[in-house]
Amino acid sequence: MTEFPHLLAPLDLGHVTLPNRVLMGSMHTGLEETGDWNRVATFYAERAAGEVALMVTGGMAPNREGGVFAGAAGLFTDRDIANHRIVTGRVHDAGGRIAMQILHAGRYAYSPECVAPSALKSPISPFAPRALDAQGIEKQIADIVTAAARAREAGYDGVEVMGSEGYFLNQFLVTHTNRREDDWGGSYANRMRLPVEVVRRVRAAVGPDFIIIYRISLIDLIPDGSSWPEVVELARAIEGAGASILNTGIGWHEARVPTIATSVPRRAFAWVTKKLMGEVTIPIITSNRINTPEVAEAVLAEGCADMVSMARPFLADAQFVAKARTGRAAQIAPCIACNQACLDHTFSGKLTSCLVNPRACHETELVIAPAATPLSVGVVGAGPAGLAAALTAAARGHRVTLYDKAAEVGGQLNLAKQVPGKEEFHGLTAYFATMVAAAGITLRLGVAVGEDDLASHDTVIIATGVLPRDPAIPGQDLPHVRSYIDVLRGAPVGPRVAVIGAGGIGFDVAEYLVTGESPTESLHDWLAEWGVADPDEARGGLAPAGPQPAAPLRQVTLLQRKAEKLGRRLGKTTGWIHRAALQMKGVEMIGGVNYDRIDADGLHVSFGEGHENPRLIAADTIVLCAGQVPARRLADALIARGRAVYVIGGADVAAELDAKRAIDQGTRVAAAL
Ligand code: NAP
Ligand code: SF4
């Protein structure tokens, strides 16, 4: 008897039966653009072997003008078809199924050639689109249909027609982006003509025994978005046009509501999908912030959907479904929804990977093979770098002892757990603890390791982490000045606070100080905080009254010396959320300061080289978040004795250290031992 009966139930689609209810949602990995199709195929084949029922590729452009960026992958020529066949062949050999997503970006295409229903520039693109004429629209339909036919020829099991997230088809649906007065605009019947026509003609081209998934936007989260009756009308028309499955999308890319970030509550939008259940007879898929089999099972058991889409969780762990099926759910590496190695990479033009799994999209290059000679490996420091090194070394057959002076594994991840909106770090540290035990690693906690304690190991890896940087501000020794470590461990803090340093930790501490109950733990509060309403009551699901954040717990001022916008260096796809969250709580953000001194009244700052415009930031508590320096004492002592050691993570380089770099480095060092 499985723990996950709904998740692992087969799904009959008529011409084919899927073995379970899990779809790997579309992700742009950047792999196709490398031109290394063996690498693309290996990525998907590993996930097929992990038993996911159906995968959707990253978006493939149907033509040049529809590509998300210039040079975006597509299926344009016979050579493209041959390349895609490498992928579909390997997926089928591994027992999986794969559909190709057809993504026409419309006005979101990062190119001066972009096209759209109307010549209205998107707020997230520098390019104004060209409004298509009727002939131009026919060309777009024909290109999408051709892409679907080629996908079939390339061996795909189906296609997903991307109709959500504010892309081309979605742009026709709403007056926000469609101001046409011809057959493709005006009334809703006209505005929905394009997506319906696309699905009808794709079905005619591919025949009955081919999966067509249509991704429908359920809640646009933009002004003048679709009303709920319009969504239902479209869903029925898409079913009538021949779609096999409705996948669901939440929010346009230009929406100012977070939809997948870690501070979004788990399964935050499953209630919207549930509203559509019963309106059509084809299966409906729900998505967004579903990252464990337990959550997925609950969503299905409660009748929110027929199937669950997870995308990033398959970067974190290719074996997600297989582990759930075989009673190893606790061993699934959890996606913490940080975006740091996936979407942030995509939007910086880098290859996707995963913070918790550096092998994601690097399967052919980062190989963890059995060691030729098993060694005794001592790893000092059980933070992310040390944990990754220890687990990788153990997976290769080395005998590993992991030391930490703390009473639990996780290092600084245990501080991150305290921050409202970062609750996913609980799951990550629990996963690491489970894996350390499962891997047979000897764990020595509560041990301050000295040089002599490591003599018996063949190899020593030092992952002792970081120490807070001393900012050397006059008055910093006063009792109302605290380090972020004390604060996140619960030290008392007064009602007015100045936070020195606005890096990731300064922002986290400010959020911790202004937030009472974490809205991430209460869907009701979170929806109110970000102004999300039932789409039955408000077009596009935007509450007419706007965001209603809870009152801040404290008056906080966040400061930095750099004369630039605070938070500019935070995650590319998440920085705006942190800034918006603090702004909603009235946090004052000040850049370009000199820290002149601290006294009983608070923090005295000034501006410019001449220390002009002196100002007192009145504060009961001052919190130091001024970055870190490597904790290298042990490493340096061993090196001084002539011992060869590997130094990784913050102990190696503390500047801008984050868990992504730490885990990647730890994994790579141990993979090469
Ligand atoms: P950080 O990002 O390097 O920021 C350090 C802050 O301290 C900066 O605002 C810096 O600004 C200030 N600073 C540096 N030297 C100073 C000095 N001598 N006196 C006063 N202020 C000084 O480091 P962090 O905030 O400690 O975070 C460490 C790493 O953890 C970050 O790289 C971050 O990526 C990671 N992290 C990530 C997240 C996340 O959400 N992704 C969250 C937390 C931490 P000025 O030099 O302009 O004053
Ligand atoms: Fe999830 Fe973060 Fe990995 Fe992306 S990088 S898949 S968000 S854990």
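Listed values, structure above:
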{"item": "Scan of region 579-602 for residues that are closer than 27 Å to Ala472 by Cβ, buried (at least 19 other Cβ atoms within 10 Å of the Cβ) and within 37 Å of the chain's Cα centre (by Cα), ordered by number", "result": "Leu582, Val587, Met589, Val593, Tyr595"}
{"item": "Filter result (part of a loop (DSSP other than H, G, I, E, B) and among the acidic types (Asp, Glu)) within region 54-84", "result": "Glu65"}
{"item": "Qualifying residue in region 37-51 (condition: among the acidic types (Asp, Glu), under 26 Å from the mean Cα position of the chain (by Cα) and part of a helix (DSSP H, G or I))", "result": "yes"}
{"item": "Lone qualifier among Val299, Val321, Val257 - being more than 15 Å from ligand 2 (Cβ to nearest atom), in contact (Cβ under 8 Å) with a residue 60 or more places away in the chain, part of a helix (DSSP H, G or I) and in the same structural domain as Glu165 (by TED's automatic domain parsing)", "result": "Val321"}
{"item": "Residue ranges of strands (runs of 3 or more DSSP E) in region 529-606 with at least 1 members of a type in the set (D, E, K, R)", "result": "588-590, 593-599"}
{"item": "Boolean, Leu428 is within 30 Å of Met584 (Cβ to Cβ), hydrophobic (A, V, I, L, M, F, W, C) and within 16 Å of ligand 2 (Cβ to nearest atom)", "result": "yes"}
{"item": "Residue list for region 149-169, filter: part of a helix (DSSP H, G or I) and under 19 Å from Ala241 (Cβ atoms)", "result": "Ala149, Ala151, Arg152, Phe168, Leu169"}
{"item": "Pro293 under 23 Å from His362 (Cα atoms) and away from ligand 1 (no atom under 16 Å from the Cβ)", "result": "no"}
{"item": "From Val409, Val460, Val379, residue being under 32 Å from the mean Cα position of the chain (by Cα), more than 22 Å from Ile485 (Cα to Cα) and either away from ligand 1 (no atom under 16 Å from the Cβ) or free of Cβ contacts under 8 Å to residues at least 60 places away in the same chain (or both)", "result": "Val379"}
{"item": "Residue ID - farthest from Ala369 (Cα to Cα), chosen from residues in region 617-654 that are of a type in the set (A, V, I, L, M, F, W, C) and in contact with a Pro (Cβ under 9 Å, 6 or more places away or on another chain)", "result": "Leu624"}
{"item": "Pairs where the first residue, in region 540-568, is over 20 Å from Asp224 (Cα atoms) and the second is of a type in the set (D, E, K, R) and more than 16 Å from ligand 1 (Cβ to nearest atom), C-beta under 6 Å, 6+ apart", "result": "Pro549/Glu529; Pro552/Lys585; Gln555/Arg496"}
{"item": "Residues within region 607-661 that are of a type in the set (A, V, I, L, M) and away from ligand 1 (no atom under 15 Å from the Cβ), tallied", "result": "13"}
{"item": "Single residue of region 333-379 satisfying the filter (crowded, with 16+ Cβ neighbours inside 10 Å and among the charged types (D, E, K, R)) that is nearest to ligand 2 (Cβ to nearest atom)", "result": "Asp344"}
{"item": "Members of region 171-207 that are assigned to a loop (DSSP other than H, G, I, E, B) and hydrophobic (A, V, I, L, M, F, W, C)", "result": "Val174, Trp184, Met192"}
{"item": "Any hit, region 113-125, residues being in contact with a helix residue (DSSP H, G or I) (Cβ under 9 Å, 6 or more places away or on another chain) and in a strand (DSSP E or B)", "result": "yes"}
{"item": "Condition check for Asn357: polar (S, T, N, Q), within 22 Å of Glu51 (Cβ to Cβ) and assigned to a loop (DSSP other than H, G, I, E, B)", "result": "yes"}
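The values are calculated or read from the model by the stated rules, or taken from the named source; none is laboratory data. Since the structure is predicted, the reported quantities are computational estimates derived from the model, not experimental observations. Methodologically, a virtual Cβ is constructed for each residue, glycine included, from the backbone with ideal geometry; neighbour enumeration extends over all protein chains shown.
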